[in-house]
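Take a look at the structure below.
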2 protein chains.
Amino acid sequence: MDETQHPQLEVISHERTERTGWVLDSPEPPNLFHQLITSIKSKISSLHSKNKNQSTANVAFSFLKGVFPILEWGRKYKATKFKNDLMAGLTLASLCIPQSIGYANLAKLDPQYGLYTSVVPPFIYAMMGSSKDLAIGPVAVVSLLISALIGKIVDPLVDPVAYRKMVFTATFFAGTFQAVFGLFRLGFLIDFLSHAALVGFMAGAALIIGLQQLKGLIGISHFTNKTDVVSVLEAVFKSFHTPLSPLNFVLGCSFLIFILMTRFIGRKNKKFFWLPAIAPLISVVFSTLIVYLTRADKHGVNIVKHFKGGLNPSSVHELLLKSSSSDIGEAAKIGLICACVALTEAIAVGRSFASIRGYRLDGNKEMLAMGCMNIVGSLTSCYVATGSFSRTAVNFSAGCETVVSNIVMAITVLISLQLFTKLLYYTPLAILASIILSALPGLIDVHEARRIWKVDKLDFIICFATFLGVLFGSVEIGLLLAVCISFMKVLVTSIRPSTEVLGRVPGTNSFCDVKQYPMATKISGLLIKRINSPSLCFANANFIREKILKLLTEENEENTKDSIHVLIIDLSNVVSIDTSGIIALEELHKELLSRGTELALASPRWHVISKLKLAKLVDKLGRGRIFLTVEDAIEACFDSKMSTLNSC
Amino acid sequence: MDETQHPQLEVISHERTERTGWVLDSPEPPNLFHQLITSIKSKISSLHSKNKNQSTANVAFSFLKGVFPILEWGRKYKATKFKNDLMAGLTLASLCIPQSIGYANLAKLDPQYGLYTSVVPPFIYAMMGSSKDLAIGPVAVVSLLISALIGKIVDPLVDPVAYRKMVFTATFFAGTFQAVFGLFRLGFLIDFLSHAALVGFMAGAALIIGLQQLKGLIGISHFTNKTDVVSVLEAVFKSFHTPLSPLNFVLGCSFLIFILMTRFIGRKNKKFFWLPAIAPLISVVFSTLIVYLTRADKHGVNIVKHFKGGLNPSSVHELLLKSSSSDIGEAAKIGLICACVALTEAIAVGRSFASIRGYRLDGNKEMLAMGCMNIVGSLTSCYVATGSFSRTAVNFSAGCETVVSNIVMAITVLISLQLFTKLLYYTPLAILASIILSALPGLIDVHEARRIWKVDKLDFIICFATFLGVLFGSVEIGLLLAVCISFMKVLVTSIRPSTEVLGRVPGTNSFCDVKQYPMATKISGLLIKRINSPSLCFANANFIREKILKLLTEENEENTKDSIHVLIIDLSNVVSIDTSGIIALEELHKELLSRGTELALASPRWHVISKLKLAKLVDKLGRGRIFLTVEDAIEACFDSKMSTLNSC
């Protein structure tokens, strides 16, 4: 290097020292207590921010508008919109009535409870919810959860009243949990059910539900309360030994084929979207007429029979809140599970339709709305309601404009409850089974499972394990498996973080993983290592230290001529460090010293550098060993090499 | 901008496109199965690598050398070294004999079992261990664990034989667990007890041990089996109502003062390091003589009495391996806890002395050695032995050269067991208590606790919670608290990762957190956001998406003039992504589109870009939206802005 360049080098070095100064003298990061206080303050102020310089009445009104969005959009609501909403609501009701009866049957409740659940919750949601498309009511998976979980505690055939009481109590708890999640912004809790787990869970639940419909389709009277495949198939095979009426099967299958055909037509030709939507109602009406006219119930066709019409009765006195603690505990547990599953489904559905239409859903507000609707529901003889995927799709296709379509649907269901329930006495159970069966294929998303397999094998394992857990264990085992495996994965990433060797990408001053970018070149005599973990902590510090030392030994063995003089650790990914991490770094520094290798730290983050300063590690390493970037560190290495050469 | 510069811009842009190509066309990352196979292969090959081109005999010998390091260094062992080791071993023995008796008393075993534990395990460790300084034998915390955990199952006062059997069985399990950890390289499991937790745990355990010594010091005969402060203090106060001999207290205290004084002298003047080391032995000899001569045991001084000399008897027939399953399960659980605590202490001590001397300890080999020594120990009437901090320090100060000092110590203890046990009949229990008490201050590291408080408040909370858990709950509750809080912390980092806005650091092309570096400048019309999480997954994807959207809204509200046109997400910290993460990115992209903001991804990592390609998200975003670095992305923004301006 010629002498004329020296001054410039000096300048660069000065700049570098200045930059190292920036690293070391950065402002103090906010500490734990400060962060906590700031986060609480910002939450409070966000509640108040919109209300600055307003009168108390205005504040109250804007608060009310926040809780009841209908006050906001209701004032702008126009007749043209209502026309669309009316049509969508009527289409929705025609699908909703048979489905609700079917799902009530799945939940092992009398059919009117399904209809009740399609009246009150949609009303409440229309007041409080912010989705325009979501159709509220009972859904298949939650109905299965209810019957599977509560059926284990109280047998609905033995004591239907106690069973119903447990259902309402669980619903009350589900609503309370949902409201609490919403109020305390705990919406992230439902994220714990990962997408992959949900796909597996839904598919497993759909298969279980489908198998249980064999009961209605074949006309079995004695069936198992268990939900796993083995028990259900056992019950089905046993039933073949008892006399069965083939009429049930013929009736169910023929209408199932009819519904599936209308769906096929609806999918081929978008104009006929209403055909699959009203097909279930047509099936119910026709099959009921057939049974009524031929008196097929005398020839072995199982019919609904029990059907109480009228308004939702109050169920306040049926809640078991004063009962023994073990029942309350169980109800709370079941409520929590139902709350999470219901929210997961509703928010997934709501979000996907919101993103199609281009508006945003506030997850926490939605939870509050759903919580309130289920609490009120539990007081008015409803079980857990949520946003249904199949009905929301119909609502959307039917051109709904606002949540008013839900109100229209609720009123229609209410009218049917008042007037037509007597007519449903002769509805064959096989038809309800076929309506539920027809809704299941939508829950089994083979395409998505395939995509998960392609993209992420570990996610597929989670998905498949959940599926098998639901199928061969129970719904809870499936859910538990999903959550546990998912969190194991998160923990393993933290405990066993990867580290990588960096090289310079040609033509730039960037340093990247040499495995990912084979064109990146290592610098001889230097080892640059990046730690891929957000925290260098007790769980991984020793592991990382050992890994770095092992690699250093290997590198030195390979390149016997040019051994590693400087190890640069790129800390840009490490956001936090704890005392175990600091000790590991200190030990690493000592070990390297004994091997004659220098340690330099590049791009330490805010909290990390502040803690290294507090722990006096900066003093032990030397201020000159800490750099803003890897580039600076490398430059410094060559400068210092040169200076040592000069001093020799 | 003048026209002459245009060609250069084009060149830059070409290079950038090439670099984007590098990002997108990087080689396939190894998949999960491939990684698993490689890691297994590398482990197998690492076992064989040193044995290439060697005869079978040589292979066998080098394997033996791996397991028994004594074969390696034993051949080079010289007489000069032995002189030093002999001195160190004898000093060690003089400390070890009284301590072992005291710890056996703490573990509620007859005193000879403490001495047995100082014979066989040090021998085995000398063959297999690789630390030069570690002094093996019973330690205070493990003795406390044994008596606290097993005392809950079998009362040692009621059935000492059954109690002893459980102790040996737990020791056997502890050894087995340790050996398994070593064999399967599960050494990381002991890292789960973080440094902070360990400081708290040790301090809590020391206080508990100290309180329990009040029994011996005051001479209480009826004491509680519980370990928490409240129960122990209650027992102490109750005992004041019964007649106590003040002689116990006087004797214990005077010798405690003597030991502490010698320690003070030893610390002031390094030449007298042997004084505190032999002080306990002097105390035992003198106090025993005093009691023997004055027959003080007739006047209320409690003495050891039971003392069986001779070689370690076999305890093979005492292991409860064929007993009822519940006992085995309990013994295994206790064994696991003791194994972890013992290993944590031994490896921490071993490592710190190894780093002083400048050699390295292989954690897995150490575990195997400790496992074997405890398995053999459990068959020869020993309870769990490990490396003791106080004795290792004495060993080191006494100038030990190799682990031979342990052999010398073991032989000395063995000789004392053969010859002098009869003499220990009159040793007062108060002296044992004062010897244990004198060892405790070393376990309470107030200085370190203070440092933890200064460096990391959350770590201090872990430390303090563990301390309180041990003190007011039990040792298990303390440990459980420590592990749970530590892992909660790790999980929270993953579930609620921070994100930060980046700005350009003046004079460089680096982009850093604008909060950490106030001199970094944001670029108008652009928002650069870095995600601080190693995985964008189900647990945090929605949270991150919401956070980014919220920030974007805020930024747009603040700068009404110059709204954000492009959002650049710096993915350099994100090492892995799952299907939930991909969906969140896709939804973010859609939402941004609807707001008229473009999304660009910078520095995606290996697995991330490969999954984004598989999930077709690269196609949806457009190849031109993915960049090698943030710098490239910003350059591209200005280029495209320019071109849109030109096209206008």
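Quick notes
- Filter result for B:K226 (among the basic types (K, R) and within 33 Å of the chain's Cα centre (by Cα)): yes
- Test: residue in the stretch B:31-38 that is assigned to a loop (DSSP other than H, G, I, E, B) and modelled with pLDDT under 80: yes
- The sole residue among B:A135, B:A126, B:A196, B:A140 that is more than 27 Å from A:C537 (Cα to Cα) and in contact with a Cys (Cβ under 8 Å, 6 or more places away or on another chain) is B:A135.
- Scanning the stretch B:531-554 for residues that are in a strand (DSSP E or B) and among the hydrophobic types (A, V, I, L, M, F, W, C) yields a count of 2.
- Residue within the stretch A:197-208 that is farther than 16 Å from A:V475 by Cβ, aliphatic (A, V, I, L, M) and assigned by TED's automatic domain parsing to the domain that holds A:L319 present: no
- When B:V199 is tested against (1) away from chain A (no Cβ under 14 Å); (2) β-branched (V, I, T); (3) crowded, with 18+ Cβ neighbours inside 10 Å, only condition (1) is not met.
- The condition (being small (G, A, S) and in contact with a Pro (Cβ under 6 Å, 6 or more places away or on another chain)) is satisfied by just one residue among B:A410, B:A482: B:A410.
- Cβ pairs under 6 Å, 6+ apart, first in the stretch B:614-639 and within 12 Å of chain A (Cβ to nearest Cβ), second outside any helix (DSSP H, G or I) and among the charged types (D, E, K, R): B:V630/B:D570
- Scanning the stretch A:571-611 for residues that are at the interface with chain B (Cβ under 9 Å from one of its Cβ atoms), part of a loop (DSSP other than H, G, I, E, B) and either of a type in the set (S, T, N, Q) or touching a residue at least 60 places away in the same chain (Cβ under 8 Å) (or both) gives A:S572, A:N573, A:S603.
- Residue, farthest from A:Q35 (Cα to Cα), within the stretch B:487-524, restricted to residues that are among the β-branched types (V, I, T) and at the interface with chain A (Cβ under 9 Å from one of its Cβ atoms): B:T508
- Taking the stretch B:47-163 and the helices (runs of 4 or more DSSP H) fully enclosed by it, the elements with 3 or more residues that are free of Cβ contacts under 8 Å to residues at least 40 places away in the same chain and more than 30 Å from the chain's Cα centre (by Cα) are at B:56-67, B:79-106.
- Evaluated against (1) more than 21 Å from B:S576 (Cβ to Cβ); (2) more than 11 Å from chain A (Cβ to nearest Cβ), B:L549 falls short on exactly one condition, (2).
- Qualifying residues in the stretch A:399-415 (those that are surrounded by fewer than 22 Cβ atoms within 10 Å (Cβ to Cβ) and assigned to a helix (DSSP H, G or I)) - the one nearest to the chain's Cα centre (by Cα): A:I407
- Odd one out for A:I568, checked against (1) touching a residue at least 12 places away in the same chain (Cβ under 8 Å); (2) within 11 Å of another protein chain (Cβ to nearest Cβ); (3) hydrophobic (A, V, I, L, M, F, W, C): (2)
- Neighbours by Cβ (under 6 Å, 6+ apart or cross-chain): first from the stretch B:345-374, more than 9 Å from chain A (Cβ to nearest Cβ); second hydroxyl-bearing (S, T, Y) and in a helix (DSSP H, G or I): B:V349/B:T392; B:A369/B:Y125; B:M373/B:Y125; B:N374/B:T171
- Among residues of the stretch B:86-121, those that are more than 20 Å from B:G216 (Cβ to Cβ) and out of contact with any strand residue (DSSP E or B) (no Cβ under 6 Å at 6 or more places or on another chain), counted: 12
- Of all the criteria given as (1) modelled with pLDDT under 85; (2) more than 33 Å from the chain's Cα centre (by Cα); (3) assigned to a helix (DSSP H, G or I), the one not satisfied by B:S254 is (1).
- Of the residues in the stretch A:431-445, none is within 14 Å of chain B (Cβ to nearest Cβ), in contact (Cβ under 8 Å) with a residue 60 or more places away in the chain and farther than 29 Å from A:G114 by Cβ.
Matching residues to (1) hydrophobic (A, V, I, L, M, F, W, C); (2) modelled with pLDDT of 80 or more; (3) out of contact with any helix residue (DSSP H, G or I) (no Cβ under 6 Å at 6 or more places or on another chain); (4) part of a loop (DSSP other than H, G, I, E, B):
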{"site": "B:K271", "(1), (2), (3), (4)": "no, yes, yes, no"}
{"site": "B:I278", "(1), (2), (3), (4)": "yes, yes, no, no"}
{"site": "B:V284", "(1), (2), (3), (4)": "yes, yes, no, no"}
{"site": "B:T288", "(1), (2), (3), (4)": "no, yes, no, no"}
{"site": "B:V291", "(1), (2), (3), (4)": "yes, yes, no, no"}
{"site": "B:K298", "(1), (2), (3), (4)": "no, yes, yes, no"}
{"site": "B:F307", "(1), (2), (3), (4)": "yes, no, no, yes"}
{"site": "B:P313", "(1), (2), (3), (4)": "no, yes, yes, yes"}
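- Index of the failed condition, A:T227 passing every other in (1) among the hydroxyl-bearing types (S, T, Y); (2) in a helix (DSSP H, G or I); (3) touching a residue at least 60 places away in the same chain (Cβ under 8 Å): (2)
- Filter pass, A:V291 being away from every other protein chain (no Cβ under 14 Å), surrounded by 22 or more Cβ atoms within 10 Å (Cβ to Cβ) and in contact with a strand residue (DSSP E or B) (Cβ under 9 Å, 6 or more places away or on another chain): yes
- Every residue from the stretch B:253-276 that is of a type in the set (G, A, S) and more than 23 Å from B:M87 (Cα to Cα): B:S254
The values are calculated or read from the model by the stated rules, or taken from the named source; none is laboratory data. These figures come from a predicted structure and were not determined experimentally. In this analysis, Cβ positions are derived from the backbone assuming ideal geometry, glycine residues included, and neighbour counts consider all displayed protein chains.
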